[in-house]
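Q: Below is a structure I'd like to ask you about.
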Amino acid sequence: MIHPKAKFFLEVETGQTPLESSRFAVIPVPYERTVSYGGGTKDGPKAIIDASPQIELWDEETKTETYKEGIHTLKGIDCKGSEEAVFKRIEKYVQNFMDKYKALPFYLGGEHSISQALINPYIKKYGKKLSVLHFDAHADLREEYFGDKRSHACALYPASRKVKVVQVGIRSVGLEEKQYVNAGNVKTFFMHENLDINKLIPQVLKNLTDTVYMTIDVDGFDPSVVPGTGTPQPGGFTWYDGLKLFKAVCQKKNIVAVDIVETAPIKGQHITEFNVSKLLYRLMGYLATKKK
């Protein structure tokens with residue numbers, strides 16, 4: 001039997017918890033405008049949510065039923081209209097959410113450019129106390145790309161001008177952005193230089209502040225783990241090394257928000273959306289079991 005399309009993340013029989021009493025919120029942001037190779041990121045949020053009922057509710061690693069903490073899936077952000085209008089709408093949405101609710105948000109993209117609008121309200125709130133963990137194959141530090149400052153290739157540039165950005169998994173850097181790598185507020189851990197995850201994790205934790213926004217481009221993983229993404233690069237994180245890094249950050253730092261971007265479903269293949277859905281639930285588990 002093929003499971004019907006899900007209305008919300010996990011879609012347990014008891015329904016979803018009211019937002020006001022939920023520990024976590026899932027917010028789709030199906031924006032796609034500047035992809036430069038493979039497309040389909042606008043379909044990522046729906047695919048992840050549709051795959052989620054296949055995830056077992058008891059997590060074998062954290063040994064918890066994380067959904068009992070409360071997970072609420074919102075309708076999501078309207079991404080129709082001009083680029084400028086959409087980015088203003090995203091930022092306003094995030095600010096309103098922060099003002100009204102205590103649930104920790106997981107924003108599901110969509111292309112990586114949305115992180116510009118998503119992160120900005122957190123920078124306004126926390127200032128230099130905030131740092132960004134940037135998990136990605138690409139540096140995304142171009143000031144503009146083909147004349148567009150809101151391109152996916154510029155996703156982390158604005159944040160890097162204001163707060164500390166710690167990059168992991170990086171294995172693709174453009175000529176025009178190499179000047180920003182390991183300069184100013186940016187600490188870059190190139191993948192080929194940091195293959196030992198046990199040595200990498202302490203360095204990442206040391207460079208992050210106590211308050212962290214996590215932006216996860218799924219191409220930070222090796223394509224064997226997440227094949228469905230617009231610009232895959234060889235040699236990325238394996239599943240367990242990636243999880244080990246995320247677990248350490250989730251349990252050692254104060255995570256204020258997470259975005260997971262660049263999921264581009266492949267027709268007839270469900271590896272990507274299932275794995276990203278499981279990643280999302282696992283991250284919630286790490287945060288729910290954090291020692292106080």
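Q: Name every residue in region 224-255 that is closer than 23 Å to Val29 by Cα and crowded, with 18+ Cβ neighbours inside 10 Å, in order of residue number.
A: Val225, Val226, Gly228, Thr229, Gly230, Thr231, Pro232, Phe246, Cys250, Ile255
Q: Hey, among the residues in region 102-155 that are among the polar types (S, T, N, Q) and touching a residue at least 40 places away in the same chain (Cβ under 8 Å), which one's farthest from Arg89 (Cα to Cα)?
A: Ser131
Q: Restricting attention to region 94-123, which residues are crowded, with 21+ Cβ neighbours inside 10 Å and among the aromatic types (Phe, Trp, Tyr)?
A: Selection gives Phe106, Tyr107, Tyr122.
Q: For a quick check of your reading of the model, give me the residue pairs whose first member lies in region 183-211 and is within 18 Å of Lys247 (Cβ to Cβ) and part of a helix (DSSP H, G or I), whose second is of a type in the set (Gly, Ala, Ser) and at pLDDT 95 or above, with beta-carbon atoms closer than 8 Å and at least 6 apart or on different chains.
A: As it stands, the answer is Ile201/Ala248; Val204/Ala248; Leu205/Ala248; Asn207/Ser131, since those pairs meet every condition given.
Q: Does region 126-145 include one or more residues that are under 27 Å from Ile48 (Cβ atoms), assigned to a helix (DSSP H, G or I) and either at pLDDT 95 or above or under 20 Å from the mean Cα position of the chain (by Cα) (or both)?
A: Checked against the condition, which is being under 27 Å from Ile48 (Cβ atoms), assigned to a helix (DSSP H, G or I) and either at pLDDT 95 or above or under 20 Å from the mean Cα position of the chain (by Cα) (or both), region 126-145 yields no hits at all.
Q: Now for a different question. Can you tell me which residue is surrounded by the most Cβ atoms within 10 Å (Cβ to Cβ) among those in region 256-276 that are part of a helix (DSSP H, G or I) and among the hydrophobic types (A, V, I, L, M, F, W, C)?
A: The extreme case among them is Val276.
Q: Of the conditions (1) modelled with pLDDT under 95; (2) touching a strand residue (DSSP E or B) at 6+ places or on another chain (Cβ under 7 Å), Gly230 fails just one. Which one is it?
A: Every listed condition holds for Gly230 apart from (2).
The values are calculated or read from the model by the stated rules, or taken from the named source; none is laboratory data. Note that the coordinates shown come from a computational prediction; the quantities given were computed from them, not determined experimentally. A quick note on method: Cβ atoms are made from the backbone with ideal geometry, for glycine too, and the neighbour counts reach across all protein chains shown.
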